[in-house]
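Following: one structure in structure tokens, then a few remarks.
The values are calculated or read from the model by the stated rules, or taken from the named source; none is laboratory data. Nothing here was measured: the structure is a model prediction, and the numbers come from that model. Reconstructed Cβ throughout: ideal geometry from the backbone, glycine too, with neighbour counts over all protein chains shown.
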Amino acid sequence: MRAGLLAAAALPAAAFADIRVMCYQDGNECDVTADLIKRYEAQNAGAKVILDVVPYKTVVEQLPVQLAAGQGPDIARVAEIGGLSKNYIDISAYVKDRKYWEDNFGSTLPWMRNKAGDKGIYGFLSQMTMTGPFVNKTLFEQAKVPMPGPKATWEEWADAARKVAKATQTPAAMAWDRSGHRFAGPAVSYGAKIFDAKGNLTVDAGYKTAVGKFVAWHKDGTMLKDVWGGSGGSSYADAVGEFKNGRVVMILSGSWQINRMQKEIGNAFDWVAVPNPCGPAACSGMPGGAAWVALKTTKSPKEVGRFLDFMAQEANVAEFASRTNNIPAHAGVAKKGVSYPSAGPAAQAALGVFTGGTGTIAAPAYALQGYKYNRALMLPTVTRVTQAIVGEISVDEAVTKIGTDMAEAVKQAEK
């Protein structure tokens, strides 16, 4: 009898296989995930979730290589959501309530689907993000230069930031993250339609205008050259380090950096998030987010589905958003609102600016974010625009090469 009881007690432990989760964090996202994992394991005897915390660069550059080789984790936190979609596995069969997922994540579930008509569930957005600027308010006050208003143009911001930089002897007025995703918001604002009438990626006159403005700002010293000119190829670099060190007046980054800004800048100076500046077509940032996705490399789809179903529950989504100072992508949580107890006044204000700014995101920006080959445009943009910035090629040549590279990347991806 005793042996039978022991055997029965061991059954739940045998029902779970270990799963590995690759996680990067802009602030404390993986730390909060680790706490949620402990709770999941406590509620599911025998479950074991191994969390591998890696730099963002690893997810962007190494994860695709691992997946192409048929290797990799069971789950990953990714920001290039559509581009990796061919590597995801449908967990519909392993979630308790499909309607719950559709009701609360319905607007972003398509970002993870690989083809039209696909109804699979491949993961969920752990948070919404939006690109946008941060400004060193202290430098504006020291320079006695008024900050432009909510509908100000990029030119007006550049002009104001230049005056501040000159008055305060700051090395440069502006810097943007070295990212095609970050570049896309201003490009759309300058009239880039991103897609042609047939739905294919295009580099049009609006996109060229944005490239020309951006390169010119680097040439005249408005932009800090180190961020884009300091790396080769299409590698990513953010501008927050330069901002926190007081080397630029204004940066273009995004809402996911709020937690880091609060932590790393502290009381060194006053910083604020401001609405996305306008171009002639829009005042748009880029939507985005990080998603927990189930990967085909898993040998334990049931356990992957169970764990993601746990992470997607309303209470856990709300806790994750609250503790990480992120905008929730869950409709129910967003409707109820999130409190941010760890957010200081600047972070609370910034979260409000970004949340309010989602209404100004233009249609081409949403379309690009959901397009599975969006990196075909984003990566060549970084490479070729950098070449123009450092003087290797002209703006016209850069735009032509972006178009050529983009067409070839899509062609290769569709094979």
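Just the residues that are in contact with a Gly (Cβ under 9 Å, 6 or more places away or on another chain) and surrounded by fewer than 22 Cβ atoms within 10 Å (Cβ to Cβ), please, taken from region 214-237.
Those that are in contact with a Gly (Cβ under 9 Å, 6 or more places away or on another chain) and surrounded by fewer than 22 Cβ atoms within 10 Å (Cβ to Cβ): K219, S234, A237.
If you scan region 80-108, which residues turn out to be touching a strand residue (DSSP E or B) at 6+ places or on another chain (Cβ under 7 Å) and closer than 25 Å to V410 by Cβ?
Selection gives I81, L84, N87, Y88, I89, T108.
For region 86-100, state whether one or more residues are at pLDDT below 95 and surrounded by fewer than 21 Cβ atoms within 10 Å (Cβ to Cβ).
Initially, region 86-100 is screened for residues at pLDDT below 95, giving 86.
From the residues that got through so far, the ones that are surrounded by fewer than 21 Cβ atoms within 10 Å (Cβ to Cβ) too are 86.
Within region 86-100, one or more residues are at pLDDT below 95 and surrounded by fewer than 21 Cβ atoms within 10 Å (Cβ to Cβ).
Does A273 fit the bill of being surrounded by fewer than 23 Cβ atoms within 10 Å (Cβ to Cβ) and among the aliphatic types (A, V, I, L, M)? Give the steps one after another, and end with the answer.
Details: surrounded by fewer than 23 Cβ atoms within 10 Å (Cβ to Cβ): no; among the aliphatic types (A, V, I, L, M): yes.
Considered against the rule, which asks whether it is surrounded by fewer than 23 Cβ atoms within 10 Å (Cβ to Cβ) and among the aliphatic types (A, V, I, L, M), A273 comes out as no.
Could you go through region 350-370 and let me know if any residue there is over 22 Å from D31 (Cα atoms), in the same structural domain as D196 (by TED's automatic domain parsing), in contact with a helix residue (DSSP H, G or I) (Cβ under 6 Å, 6 or more places away or on another chain) and surrounded by fewer than 18 Cβ atoms within 10 Å (Cβ to Cβ).
Among the residues of region 350-370, at least one is over 22 Å from D31 (Cα atoms), in the same structural domain as D196 (by TED's automatic domain parsing), in contact with a helix residue (DSSP H, G or I) (Cβ under 6 Å, 6 or more places away or on another chain) and surrounded by fewer than 18 Cβ atoms within 10 Å (Cβ to Cβ), which makes the answer yes.
Among the residues of region 221-277, how many are of a type in the set (A, V, I, L, M, F, W, C) and either assigned by TED's automatic domain parsing to the domain that holds A79 or free of Cβ contacts under 8 Å to residues at least 12 places away in the same chain (or both)?
Step one: filter region 221-277 for residues of a type in the set (A, V, I, L, M, F, W, C), giving 223-224, 227-228, 237, 239-240, 243, 248-252, 256, 258, 261, 265, 268-269, 271-274.
Next, only the ones that are either assigned by TED's automatic domain parsing to the domain that holds A79 or free of Cβ contacts under 8 Å to residues at least 12 places away in the same chain (or both) stay: none.
Result for region 221-277: 0.
Which residues, counting only those in region 29-50, are crowded, with 17+ Cβ neighbours inside 10 Å and either within 24 Å of Q62 (Cβ to Cβ) or in the same structural domain as M261 (by TED's automatic domain parsing) (or both)?
Result: E29, C30, V32, T33, I37, V49.
Examine region 119-126 for a residue that is among the β-branched types (V, I, T) and over 26 Å from V21 (Cβ atoms), and state whether such a residue exists. I'd like the intermediate steps shown before the answer.
Within region 119-126, the subset among the β-branched types (V, I, T) is 121.
Adding the requirement that they be over 26 Å from V21 (Cβ atoms) leaves none.
Checked against the condition, which is being among the β-branched types (V, I, T) and over 26 Å from V21 (Cβ atoms), region 119-126 yields no hits at all.
Please specify each residue of region 114-147 satisfying the condition of being modelled with pLDDT of 95 or more, surrounded by 21 or more Cβ atoms within 10 Å (Cβ to Cβ) and not hydrophobic (A, V, I, L, M, F, W, C).
Residues satisfying the conditions are Y122, G123, T131, G132, P133, N136.
Which one is surrounded by the most Cβ atoms within 10 Å (Cβ to Cβ), of the residues in region 276-322 that are in contact with a strand residue (DSSP E or B) (Cβ under 7 Å, 6 or more places away or on another chain) and aromatic (F, W, Y)?
That would be F307.
Name the residue, out of A172, A167, A205, A197, that is of a type in the set (A, V, I, L, M, F, W, C), within 30 Å of Y373 (Cβ to Cβ) and in contact (Cβ under 8 Å) with a residue 12 or more places away in the chain.
Numbers: A172 fails: within 30 Å of Y373 (Cβ to Cβ); A167 fails: within 30 Å of Y373 (Cβ to Cβ); A197 fails: in contact (Cβ under 8 Å) with a residue 12 or more places away in the chain.
After applying the criteria, what remains is A205.
So that you can scan it fast, the table gives a plain yes or no per residue for (1) hydroxyl-bearing (S, T, Y); (2) more than 21 Å from the chain's Cα centre (by Cα); (3) at pLDDT 95 or above:
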{"position": "G229", "(1), (2), (3)": "no, yes, yes"}
{"position": "V248", "(1), (2), (3)": "no, yes, yes"}
{"position": "R260", "(1), (2), (3)": "no, no, no"}
{"position": "N267", "(1), (2), (3)": "no, yes, no"}
{"position": "V272", "(1), (2), (3)": "no, no, yes"}
